[in-house]
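Here's the structure we're looking at; comments come further down.
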Amino acid sequence: MPWKKNFFNCFLIVAALLSTAFQWSDEDFIQFITNKINQYRNTLPAEKAYLHLDKPYYATGDTLWFKAYLTEGALHLADSASNLLYVDLIEQRSGRNAALRRVQMNGGTGHGEIVLSDSLAPGAYTIRAYTNWMRNSSEDFFFQKNVYMFDYKDNASSKTDNSPIDLQFFPEGGQLVADISTRVAFKAVDASGMARDVAGFVLAQSGDTVGSFKSEHAGMGRFQFEPKAGKTYKAFVRQEGGKTTPVPFPKVQDSGFTMLVDNLSNPLKMRVLAYAKVPGKTEIPVRVVGHARGIVAFVANGKIGSRGLMMQLPTTELPDGITHLTLFDDTGRPVCERLVFINHSRSLRVEVKPSKPTYQPRERVDVAVTVTDSAGKPVEASLSLAVTDAGQITQQPHDQNIVSYLLLSSDLKGFIEKPSYYFDPEQPSRKIHLDYLMMTHGWTRFKWDDVLRDSIPPARRYVEQGITLEGDVKRNNKKITEKTALSLYVSNDSLSTFMTSETDENGHFTIYNLAFTDSLELRIQGMNKKGNQNLSFTINPFEPPRASVVKIPFKPVTVDAQRLADFLKNAAQEQEITRKIRENRERLLREVTIKAKKETQRDARKLYSSADATLKVTPQLTSGYTSVLDMIQGRIAGVSVMGSGMNATVSIRGNRGEPLFVLDGMPVDKALITSLSVFDVESIDVLKGPSAAIFGSRGGNGVISVLTKRGNANYDYSQDIVPGVLVTKIAGFHTPREFYAPKYGPTAPPAPNPDFRSTIFWAPMLRTGPDGKASVSYYHSDATSPADIRVEVLSPGGLPGSGKTSYTVR
């Protein structure tokens, strides 16, 4: 994988810069931890996927447009190892997979769409993006985003959620230790996983109130707490009407370690405080290991005494995103963990600027996008741009974007509400709230137990750079016990090729890295083995990973009632127009009278215009022969066949060597022709002398062209089953549709239908030039409401960025 070299080089630079800042670092421990993490990362390197959607919600019959970004997991380099990304749509109520797209990734980007047909039930859905390699871990690592599909009769009202509150407490560092003061964070969610504001108190077993708490943001907050030895505690949540509900509180440990981190007071340093209570020990050597997305940043040594341990750790060289701190005791065992978020504002700056602030309906709109780094230098990057009608689509406040996903959500457990809030410079409390988030959501990329083990199990799934074809072969419906050679003929409109493969001893075969779009016709059979007609083939279909079912569906969007009404009204109107157009076309077609002689369509498999001789294969003919050459023998003048079956030799009168063999227009070797099932052959053409000249020197000894039933474009595969042969179709890369944007203007004819499309424009595959600039042009709709523009950006070096703006229409 070419990105591994860059990954490791950058790791060395970061680790060297930070480890040299600590004179007290233990080189042996540094090398031990570094080797363990490197070994884990080289065995199971991470990938991240992100989807930019054209809008946050949809209506029945709408089209969901997406741009896919795929990066490696640590440095977010845009060109990851996998070239195939799966995008599917999961119905939350049932967990059913409603749609699947195989997206071909080029340089870490790709795009596509999902048509939300009338057959899909309205309600909450989850769109996912993942690679085959990502399936080595849990679905928590997949990109997942909730979307809602409204019906035309739907409305914005929703019932008030009175479900029970799930309140959890998280002592800083991981545990409560008797007689050591610490901070306890908490988070409250309802049954659907959405945040709930709470307030309450903590009681000791004696009934005394020893602490109180009240959420500050998204059901989260924290409070100071000092547990006492031999005491137990219980928390209570205040409900409406003064009622209180008990909730579990963490158990107090008689001995152990705690770790507190201050990452807010100083923008250049973070302060780490460590305390310990271990019987028989007054001074305990410890180490603090910091890594950012699996790259070791530093290892600092110290000793916890009676007054604890304080460290000042510089943060200037740490990358933007989550840094994971782990406290190791004197035996090398991880005893405390804490996440901190580093934000040096190194993300890309994205300026989105329409050519003017106000437009007329159906007027041409020109938009310029400028991308620069934090120093103001232009950046070449891939970007996607969506324009929506603000009168119909309510952009979700602080919704997920590529910056918040890559730097935050993709490395945390659980659902993060309004993730871009933590990156909004206009929110003065975002840093303290982000620290609450770090304390209440755990790191997901790996566990130290897995990293420190002596051997790491190899990955079960492989990196895909194309479509994978897998299947099994049986003989007489029983497992085969030896390797079997296979011949495969694959074709579609742009591809036609012959391949050979081989099963393993159990009859399983796999063909990797097929690159084709739409679908591919496959013909497979055993080759050069007796008893091929007794073989049966099974193609193993792709099985998407199972999705967790959301038991209590909810609308994961906040929608203004009037905007939703307008959106559904216009969506219904558009569907009605489409229906009428379809009906009119069908009506017109019934009235058409064709008075012309039908032209016989030329068989695309024949390069030649006519053959010197043709043998039509009938059921009577196939009943007495087992090979193609056996059928030819004695039936075509000038063709001599010596021997029988696979040992037969062929010559055409006047030629010393054997003729060229052609199967459905593709030159093949004689072995494939002799291994064909006679039941699959439609006709056999023989070309002699001048007729074979179209094949050049290869046809110097004549040509025998075999045409199969399944090679005929008009053949109905369901009507014929050939023993020992399987003919089927396999799905390839999704062929993206082009977003339709009407063109208006003074020279264009007037459009007869109203234009109130909710997605006004969608451009998924834009790129900035060396000057950091890109531009698009489109025509606005009939709407007089403002338009929102959203842009997502990713540079080849892994820097994300997002931008937004709007313009008015009157």
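Miscellaneous remarks
- Of all residues in the range 471-480, at least one satisfies being within 25 Å of P544 (Cβ to Cβ) and among the small types (G, A, S).
- For the range 178-192, the set of residues classified as in contact (Cβ under 8 Å) with a residue 60 or more places away in the chain and more than 19 Å from M438 (Cβ to Cβ) consists of A178, D179, I180, A191, S192, listed by residue number.
- Leading residue by the ranking (nearest to A185 (Cα to Cα)) among those in the range 335-376 that are among the hydroxyl-bearing types (S, T, Y) and outside any strand (DSSP E or B): S345
- Being more than 46 Å from the chain's Cα centre (by Cα), farther than 30 Å from N712 by Cα and modelled with pLDDT of 80 or more is a description that does not apply to N570.
- Yes/no for P553 being modelled with pLDDT of 85 or more and of a type outside the set (S, T, Y): no
- Single residue of P770, P800, P786 found to be under 36 Å from the mean Cα position of the chain (by Cα), at pLDDT 95 or above and either surrounded by 22 or more Cβ atoms within 10 Å (Cβ to Cβ) or closer than 30 Å to N476 by Cβ (or both): P800
- When the range 84-96 is limited to residues that are touching a Leu at 6+ places or on another chain (Cβ under 9 Å) and farther than 13 Å from R546 by Cα, the one that is surrounded by the most Cβ atoms within 10 Å (Cβ to Cβ) turns out to be L85.
- Residue check for E792: among the acidic types (D, E), free of Cβ contacts under 8 Å to residues at least 40 places away in the same chain and outside the structural domain of S491 (by TED's automatic domain parsing): no
- Positions within the range 723-764 being within 27 Å of the chain's Cα centre (by Cα), crowded, with 17+ Cβ neighbours inside 10 Å and of a type in the set (V, I, T), in sequence order: I730, T759, I760
- Failed item, numbered, when E426 is tested on (1) exposed (fewer than 13 other Cβ atoms within 10 Å of the Cβ); (2) in a strand (DSSP E or B): (2)
- Qualifying residue in the range 582-589 (condition: modelled with pLDDT under 55 and of a type in the set (D, E)): yes
- The range 291-340, subset over 15 Å from V278 (Cα atoms) and among the small types (G, A, S), residue modelled with the highest pLDDT: G321
- Residues within the range 174-202 that are surrounded by fewer than 18 Cβ atoms within 10 Å (Cβ to Cβ), of a type outside the set (S, T, N, Q) and within 30 Å of G308 (Cα to Cα), tallied: 4
- Residue satisfying condition, being out of contact with any Gly (no Cβ under 9 Å at 6 or more places or on another chain), over 24 Å from D79 (Cβ atoms) and either of a type outside the set (A, V, I, L, M, F, W, C) or touching a residue at least 12 places away in the same chain (Cβ under 8 Å) (or both), within set E317, E351: E317
- When K670, K709 are screened for being in contact with a Phe, Trp or Tyr (Cβ under 9 Å, 6 or more places away or on another chain) and at pLDDT below 85, only K709 passes.
- Tally of residues being in contact (Cβ under 8 Å) with a residue 24 or more places away in the chain, surrounded by fewer than 19 Cβ atoms within 10 Å (Cβ to Cβ) and part of a loop (DSSP other than H, G, I, E, B) across the range 279-311: 3
- Residues of the range 213-225 satisfying the condition of being surrounded by 13 or more Cβ atoms within 10 Å (Cβ to Cβ) and either touching a residue at least 24 places away in the same chain (Cβ under 8 Å) or not basic (K, R) (or both): F213, S215, E216, H217, A218, G219, M220, G221, R222, F223, F225
- Leading residue by the ranking (farthest from K228 (Cα to Cα)) among those in the range 187-210 that are assigned to a loop (DSSP other than H, G, I, E, B) and within 41 Å of the chain's Cα centre (by Cα): S192
- Residue within the range 489-506 that is closer than 20 Å to Q533 by Cα, in contact with an Asp or Glu (Cβ under 7 Å, 6 or more places away or on another chain), among the small types (G, A, S) and surrounded by 14 or more Cβ atoms within 10 Å (Cβ to Cβ) present: no
- Of the residues making up the range 503-520, those that are part of a loop (DSSP other than H, G, I, E, B), in contact (Cβ under 8 Å) with a residue 24 or more places away in the chain and either farther than 17 Å from R102 by Cβ or touching a helix residue (DSSP H, G or I) at 6+ places or on another chain (Cβ under 6 Å) (or both) number 4.
- Verdict on S410 being surrounded by 22 or more Cβ atoms within 10 Å (Cβ to Cβ) and in a strand (DSSP E or B): no
- Among residues of the range 429-455, those that are within 26 Å of the chain's Cα centre (by Cα), surrounded by 15 or more Cβ atoms within 10 Å (Cβ to Cβ) and not polar (S, T, N, Q), counted: 8
- If the condition is being in contact with a Pro (Cβ under 9 Å, 6 or more places away or on another chain), over 16 Å from W762 (Cα atoms) and of a type in the set (S, T, N, Q), then the range 352-405 contributes T370, T372, T394, Q396, Q400, N401, S404.
- Tallying residues that are within 20 Å of G700 (Cβ to Cβ) and modelled with pLDDT of 85 or more within the range 643-665 yields 12.
- If you filter the range 680-697 down to residues that are surrounded by fewer than 18 Cβ atoms within 10 Å (Cβ to Cβ) and touching a residue at least 12 places away in the same chain (Cβ under 8 Å), you find that the one that is nearest to S640 (Cα to Cα) is G689.
- Which numbered condition Y125 misses (of (1) at pLDDT below 95; (2) crowded, with 21+ Cβ neighbours inside 10 Å; (3) in a loop (DSSP other than H, G, I, E, B)): (3)
- The number of residues in the range 54-77 being surrounded by fewer than 23 Cβ atoms within 10 Å (Cβ to Cβ) and under 29 Å from I322 (Cβ atoms) comes to 4.
- Of all residues in the range 301-314, exactly one satisfies the criterion of being under 26 Å from H76 (Cβ atoms) and of a type in the set (A, V, I, L, M), namely L313.
- Options S181, S192, S206; residue that is within 24 Å of S255 (Cα to Cα) and either at pLDDT below 95 or touching a helix residue (DSSP H, G or I) at 6+ places or on another chain (Cβ under 8 Å) (or both): S206
- The requirement of being touching a Ser or Thr at 6+ places or on another chain (Cβ under 6 Å), of a type outside the set (S, T, Y) and crowded, with 16+ Cβ neighbours inside 10 Å is not satisfied by V387.
The values are calculated or read from the model by the stated rules, or taken from the named source; none is laboratory data. Computed from a predicted structure; not experimentally measured. When we count neighbours, we look across all protein chains shown, and the Cβ atoms used for this are built from the backbone with ideal geometry, even at glycine.
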